Amino acid sequence: MSEYHHMCMWSRCKILKIVEILSKTYIDYSEFVIRDALDDGYLGRPSNYFEFLTAVILSQNTSDRNAIKAFSNLKKVLGEITPESILRAGDDVVKSAIRISGLVNRKSRVLKQIALFLRDNPFYLKDLEKMDVEKARERLLELPGVGLKTADVFLLMVLKKPTFPIDTHINRIVRRLGIASASDRYEDVRMTITRYLDSNINALTMLHLLLIVHGRRVCTARRPKCSQCTIFELCCRNI
Ligand code: SF4
């Protein structure tokens, strides 16, 4: 085995070390967002599964701030967000409420399609609670507009099932760190990390949120700030 590969061997301990270091680095962020996420308060405190799913869909391709704003606008105009209230509302009402989150046509279409489906299958999301993670994932992926990341965010953050959602920041960082190789696909990375963390929900949630903030602040797409990086020693990019 080459020296490079030796230094880039990953293990549960090394990944937990990343969680430990980054929680200290982003203590400001961790105290609020992570505590909230671990205590069910993620994404602006939705009150039912459909609201959670709406919040996750609104968060696609936008910042947390805009997603939360769009979500609370929608709640303001609809009251509780339910399949029925979405279907009752006019297209223009939904679109103008969520405009700030971007991709308005796509997001409003997806919300309507899911609302239609769930109105006819009212226990579809509730039934996922009893399923194992992979079965529940398959069912979520059958919903219109729900891709791998959206399904995994819902499974981990809302249903507290062991999986690992990978967004663009995480995708970039795990390759730089050497946890995943360039040719690994979404599924490979998800399975590898879930296995390394022994399917521990808190560790998976922490790692997910901490890597996102690390990707935004330090391990940016262009010119990562490696000289300021607190996990530099664990990273394979600079070997
Ligand atoms: S050392 Fe650089 S590439 Fe590695 S995680 Fe830190 S910022 Fe990213």
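The values are calculated or read from the model by the stated rules, or taken from the named source; none is laboratory data. Note that the structure is a prediction, hence the values are computed from the model and not measured. Ideal geometry is used to build each Cβ from the backbone, glycine not excepted, and the neighbour counts take in all protein chains shown. Just the protein is used for accessible areas: all its heavy atoms, side chains included, with ligands, DNA and RNA removed. Shrake-Rupley method; radii C 1.70, N 1.55, O 1.52, S 1.80 Å.
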Study note, to complete from the structure: Checking region 121-204 for trypsin sites (Lys or Arg not before Pro) in a loop per DSSP with at most 15 other beta-carbon atoms within 10 Å yields K160, R185
Revision key, fill the gap. Checked against the positive end of the charge dipole of region 54-131 (+1 on Cβ of Lys and Arg, -1 on Cβ of Asp and Glu, about the Cα centre), the farthest of F123, A97, I81 is A97
Exercise for review: Whenever you get a sec, compute what percent of the accessible area on the chain sits on carbon and sulfur atoms (1.4 Å probe).
Suggested key: 54 percent
Review point. Roughly how large, in nm² to one decimal, is the mean projection of the convex hull of the alpha-carbon atoms in region 119-239?
Key: 8.4 nm²
Revision key, fill the gap. Treating every alpha carbon of region 49-158 as one equal point scatterer without solvent, the Debye formula yields log10 I(q)/I(0) values at q = 0.12, 0.17, 0.20, 0.23 Å⁻¹ of -0.37, -0.75, -1.04, -1.34
Exercise for review: Keeping all protein chains in place, calculate the accessible area per residue for the chain (probe 1.4 angstrom), answer in Å².
Suggested key: 50 Å²
Check your understanding: Over region 50-104, what number does the Rg to Rh ratio reach, with both radii from the alpha-carbon atoms and Rh per Kirkwood?
Key -> 0.92
**Study point:** For the chain, alpha-carbon Rg and Dmax in angstrom
**Key:** 18.7, 62
